[in-house]
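Here is the structure we will look at, set down as structure tokens.
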Amino acid sequence: MNFGLYLVGFLVFVGGVAWGLSVMGVSSTYIVIACVVLLGLGIMTGVTRTRMKDPPS
């Protein structure tokens, strides 16, 4: 559940970045590239922050 909330928040962030770039007049190709890179970073950080720790053996 934590990962889902993290991902939803990050999608809102990526949407805001995409909207800001489009208002600035950046080409749609570069907007898509930036969104894909940010989405990949968001997934990687979300997995590392929300994964369960291994119990000590």
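Laboratory data are not the source of any read-out in this text; all were calculated from the coordinates shown. These figures come from a predicted structure and were not determined experimentally. Positions of Cβ are backbone-derived with ideal geometry, glycine not excepted, and every protein chain shown enters the neighbour counts.
Just to be sure I understand, if you calculate Cα Rg over 2.2 N^0.38 Å for this structure, which of (1) 1.44; (2) 1.22; (3) 2.43 do you get? Given (1) 1.44; (2) 1.22; (3) 2.43, the calculated one carries the label (1).
Against the chain, whose longest principal axis is taken from its Cα atoms, helix 28-50 shows a tilt of about 10°. Note on Met44, Met52: ascending count of other Cβ atoms within 10 Å places them as Met52, Met44, the fewest first. Would you mind checking the tilt of helix 2-24 against the longest principal axis of the Cα atoms of the chain, expressed as 0 to 90 degrees and rounded to 10? It works out to around 20 degrees.
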